[in-house]
Amino acid sequence: MRRKTDLKNGLKNSILGYRVNEMNSTVIKIILIYLLVMNLIGFLMMGIDKNKARKQAWRISEKALFLTSLIGGSLGTWIGMYVFHHKTKHWYFVVCMPLIFFLHVGLAGYLLWKFGIFPFK
């Protein structure tokens, strides 16, 4: 009986223990770097598009701005909207950019909780 319990605990520790925690640390760092880069791209895209709008030049499509936001650049795009005063008169940007951001935050919180990485249990 004791051996089965030890085996179960050993499996549990190898699945949820140090090996996974070391991996989680690396994965979390990669994800954070990805999100930082995507948010920087979203921010810069808003600035570039605003500059091109002033010069009446070729523009970045709204689809590209939303896509950047959806794949992780929501905070940067949202901040860029107000720093550059760009797309703030379009209701779908004013509503959807914060909505996408809060959906990302909710999804991240759920995944962290689901996989036991969330610091508050």
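3J(HN,Hα) couplings calculated from phi for the stretch 91-106 with the Karplus curve 6.51 cos²θ - 1.76 cosθ + 1.60 (θ = phi - 60°) are, in sequence order, 4, 5, 6, 4, 8, 6, 4, x, 4, 4, 4, 5, 5, 4, 4, x Hz; Gly and Pro show x. The trypsin sites (Lys or Arg not before Pro) of the stretch 68-116 that DSSP puts in a loop, and whose beta carbon has at most 12 other beta carbons within 10 Å, are LYS89.
Loop-located chymotrypsin sites (Phe, Trp or Tyr not before Pro) in the stretch 50-102 (DSSP state not H, G, I, E or B) with no more than 13 neighbouring Cβ atoms inside 10 Å: TRP58. Backbone geometry of the stretch 66-82 corresponds, through the Karplus equation with coefficients 6.51, -1.76 and 1.60 at θ = phi - 60°, to 3J(HN,Hα) couplings of 5, 5, 4, 5, 5, 8, x, x, 5, 5, x, 5, 5, 5, x, 4, 8 Hz, x marking Gly and Pro.
Here the scattering of the stretch 34-121 is modelled by Debye summation over its C-alpha atoms, one equal scatterer each and no solvent; at q = 0.16, 0.25 Å⁻¹ the log10 of I(q)/I(0) is -0.62, -1.19.
Neighbours of ARG59 by Cβ distance under 14 Å: Lys/Arg scored +1, Asp/Glu scored -1, total +4. Each label point was placed 7 Å from the Cα along the Cα-to-Cβ direction; for GLU62 and TYR82 their separation is 2.1 nm.
Each value in this text was obtained by applying a stated rule to the coordinates, not by laboratory testing. Being a predicted model, the structure only gives us computed values, none of them experimental. As a convention, Cβ positions derive from the backbone with ideal geometry for all residues, glycine included, and neighbour counts pool all protein chains shown.
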